[in-house]
Structure formats: structure tokens, C-alpha cells
Amino acid sequence: MVTLSQGQWMGLPDLQVKDWMRRKRRGLRNSRATAGDIAHYYRDYVTKKGLGHNFVSGAVVTAVEWGTSEPSGSEVQSPRPLFQVSGFLTSKDQSQRPFSLCAHNVVLATGTSDSPTQLGIPGETLPFVYHELSALEAARRAGTVTPTSDPVLIIGAGLSAADAVLYARHYNIPVIHAFRRTVDDPGLVFNQLPKMLYPEYHKVHQMMREQSILSPSPYEGYRSLPEHQPLLFKEDHQAVFRDPKGLQKVFGISLVLVLIGSHPDLSFLPGAGADLAMDPNQPLSAKRNPIDVEPFTYQSTQQEGLYAVGPLAGDNFVRFVQGGALAVASSLLRKEARKPP
């Protein structure tokens with residue numbers, strides 16, 4: 001699987017991706033690197049730059065609370081916010097121990113993949129219904145889905161659903177691909193990607209379009225169901241849909257992947273962070289309602305000392321994260337410079 005962004009856009013300062021790839025004898029495809037290569041590049045970067053001591057792995061934050069600290073010294077300073085961060089650490093033997101620390105600044109960088117979006121229909125909690133692509137990979141390795149099994153049902157029309165279709169097609173696993181939009185909906189993400197850079201996604205879009213109007217299908221083992229609304233999943237591995245004409249259709253399936261997006265889990269914040277969003281009356285969403293931050297510091301407009309970067313602040317591509325991190329670092333350095341000696 002290759003990254004959406006071009007490889008050179010994923011680089012970090014002082015270690016270019018193309019140089020790292022050359023040393024590893026790895027190549028770019030259409031100027032794009034595999035997700036695995038980029039993950040290894042980032043791990044290597046931490047090692048080469050001696051940044052390992054800045055990371056605490058295996059930590060789960062359960063609460064972030066804040067108040068104000070008393071000014072110190074003879075001069076009267078305005079009180080600074082003081083955050084208490086609590087949680088637990090999981091060691092290699094799976095034992096857990098609590099931790100608690102205090103800080104004047106906290107940066108939220110937890111991304112938006114914590115909680116997959118649910119359909120909210122009966123049967124969604126059945127054991128063969130999943131909400132992440134890794135479930136399909138695991139099922140293939142376990143032999144649960146094969147070229148001769150019932151089709152895998154993939155629900156969604158975004159890039160994650162397209163990745164699942166590509167993965168299944170690579171292993172000749174039959175697919176039923178259902179989505180609520182029309183194939184020509186201008187809001188589909190495929191219409192926003194250049195064909196030359198993203199041929200694999202445009203191939204999926206072509207399959208979605210051609211299979212829905214041509215019968216028999218020009219793509220053996222693939223069937224698309226545009227404008228189909230899922231109604232329920234049954235224990236006997238059946239999925240019930242309502243088609244565009246209002247008729248019910250039933251399909252036998254081996255496994256279901258519901259890939260219709262995700263949203264962040266900020267349950268460790270007071271009020272789950274709802275008051276920090278641009279519209280506090282609407283659910284927090286990376287695309288529609290991110291945390292409201294100052295554009296040049298990425299500090300929350302609602303709480304001094306609290307920052308957000310990445311999807312939480314509306315930056316939904318890895319290549320944008322560096323700008324947010326630089327803005328936060330610049331803000332923190334200016335704060336340090338203003339502190340009295």
C-alpha cells in the first residue's frame with residue numbers, strides 16, 4: 001500500500017526521504033512510497049537524531065485536567081495554566097502502573113482514527129462485522145476468506161474502502177462494494193485526485209462505475225451497489241440492503257468491512273473536548289469541526305497552554321503536520337523567552 005502524499009512531501013528536516021530510500025535500496029512508485037517504508041523512515045529518524053528519550057511508548061492517557069499555578073518569585077506575574085496528565089503505562093509483561101505528571105503546556109496529537117464511524121444498524125456488533133482494514137488482512141492470513149468463499153462486503157466510498165477493494169482484488173477475494181452515493185457524485189474523493197498520480201484509485205472508481213451499469217460484470221469477482229442503504233446484518237452471514245427503488249435485497253457474505261470514516265476520541269478531556277471545537281454544539285470532526293486553534297501558534301482559542309496539531313486541528317495529511325509542529329515549537333520558545341530570569 002502506498003501513501004497518498006508523494007514521498008518527498010513526507011520527509012523530516014535534515015534527512016530526505018529519497019536519500020534514505022536510496023540507502024535502503026528501496027524505490028518510489030509514481031513518486032510515492034509504501035506506508036511501511038515511511039513508518040520505518042520515521043523510526044529511523046528518531047534513532048539517528050537521538051530523540052528516543054523524548055518518547056514514552058505504551059502509555060495510555062486517561063485524564064487531562066487543568067487549573068492555574070501560583071506565580072513564583074518576587075514579581076507578580078499573571079498565573080500560568082497548569083495541566084495534570086494522568087494515565088497508565090503498560091510494560092512488556094503486560095503489567096500496568098499508573099503515572100501522573102504536571103505541565104504548563106499540552107499538545108494534543110492523537111489523530112482521528114480512534115473511533116470508527118458506525119452505521120448504527122442491527123447486527124453491526126456480530127463477530128464477522130469489522131471497522132478496520134486490518135481485519136481483512138487477518139482473515140486472509142487465517143484462511144477465513146479465500147477466492148472460493150462468499151464475497152467480502154465493503155461499505156464506503158472513500159480511500160479506506162478503495163484500499164480494501166484493492167487488497168481483496170490482489171488476492172482474488174470476491175467483493176461486494178456498497179455505498180450510498182451515486183458513482184458520479186462530485187463529492188467522491190476520486191474526483192479530487194489526479195489520474196496520473198493515483199491510477200489505482202481511479203481504477204477502483206472505474207470499477208464502481210462500469211460494474212454498476214454493465215451486466216454481466218466486466219470485473220469477475222467484483223460487484224458494486226451504488227445508492228444502496230444497509231438495513232441489517234443477520235447471524236447467518238446475510239446482509240440486507242434497500243436499493244434506490246426502495247426494494248430490499250439480500251446478499252450472502254463472509255465478512256463485512258464498514259469503512260465510512262472515523263472520529264477522534266478525546267474522552268480524557270473535560271467534556272470530551274467538545275468546548276474546544278469550532279462549533280461547540282456539533283460533534284468534533286477533523287474534516288467538518290476541528291479544534292479551534294490560533295493559525296500561527298496552533299494554541300486553542302479556548303484554553304491557554306493547550307495546543308492541537310494534525311487532524312485534530314484540521315490538517316488531515318501527514319505532510320501538513322510539520323507546519324503545525326513548527327508553529328507550536330515557535331510559540332513555546334517565545335513563552336520561554338518571556339519568562340523572568
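Listing for the model above:
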| item | result |
| --- | --- |
| Among the candidates 238, 229, 282, residue that is out of contact with any Cys (no Cβ under 8 Å at 6 or more places or on another chain), more than 22 Å from residue 174 (Cα to Cα), surrounded by fewer than 20 Cβ atoms within 10 Å (Cβ to Cβ) and among the polar types (S, T, N, Q) | 282 |
| Filter result for residue 271 (out of contact with any strand residue (DSSP E or B) (no Cβ under 7 Å at 6 or more places or on another chain), within 30 Å of residue 144 (Cα to Cα) and open to solvent by 30 Å² or more (accessible area, probe 1.4 Å)) | no |
| Those residues of the range 101-145 which are under 29 Å from residue 312 (Cβ atoms), open to solvent by less than 50 Å² (accessible area, probe 1.4 Å), assigned to a helix (DSSP H, G or I) and small (Gly, Ala, Ser), in sequence order | 135, 138 |
| Residues satisfying the stated conditions in the range 157-172, i.e. in contact with a strand residue (DSSP E or B) (Cβ under 6 Å, 6 or more places away or on another chain) and in a loop (DSSP other than H, G, I, E, B) | 157 |
| Condition check for residue 293: of a type in the set (Val, Ile, Thr), under 30 Å from residue 142 (Cβ atoms), free of Cβ contacts under 8 Å to residues at least 40 places away in the same chain and not assigned by the TED database to the domain that holds residue 41 | no |
| Qualifying residue in the range 241-258 (condition: modelled with pLDDT of 95 or more and either within 19 Å of the chain's Cα centre (by Cα) or closer than 30 Å to residue 16 by Cβ (or both)) | yes |
| Scan of the range 148-174 for residues that are open to solvent by less than 10 Å² (accessible area, probe 1.4 Å) and over 17 Å from residue 131 (Cβ atoms), ordered by number | 173 |
| Selection from the range 252-272 of residues that are touching a residue at least 40 places away in the same chain (Cβ under 8 Å), on the phi < 0 side of the Ramachandran plot and part of a loop (DSSP other than H, G, I, E, B) | 253, 254, 259, 260, 264, 265, 266, 268, 269 |
| Condition met for residue 95 (open to solvent by 40 Å² or more (accessible area, probe 1.4 Å), modelled with pLDDT of 80 or more, outside the structural domain of residue 283 (by the TED database) and more than 27 Å from the chain's Cα centre (by Cα)) | yes |
| Candidates 245, 249, 203, 195, filtered to the one that is part of a helix (DSSP H, G or I) and open to solvent by 20 Å² or more (accessible area, probe 1.4 Å) | 203 |
| The range 10-20, residues that are outside any loop (DSSP other than H, G, I, E, B) and either under 12 Å from residue 44 (Cβ atoms) or over 18 Å from the mean Cα position of the chain (by Cα) (or both) | 12, 15, 17, 18, 19, 20 |
| Filtered residues of the range 39-68 (kept if touching a residue at least 60 places away in the same chain (Cβ under 8 Å) and under 21 Å from the mean Cα position of the chain (by Cα)) | 61, 62 |
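The values are calculated or read from the model by the stated rules, or taken from the named source; none is laboratory data. None of the values given here were measured: they were computed from a predicted structure. Cβ atoms come from the backbone with ideal geometry, glycine included; neighbour counts cover every protein chain shown. Heavy atoms of the whole protein, side chains included, go into the accessibility calculation; ligands, DNA and RNA do not. Shrake-Rupley method; radii C 1.70, N 1.55, O 1.52, S 1.80 Å.
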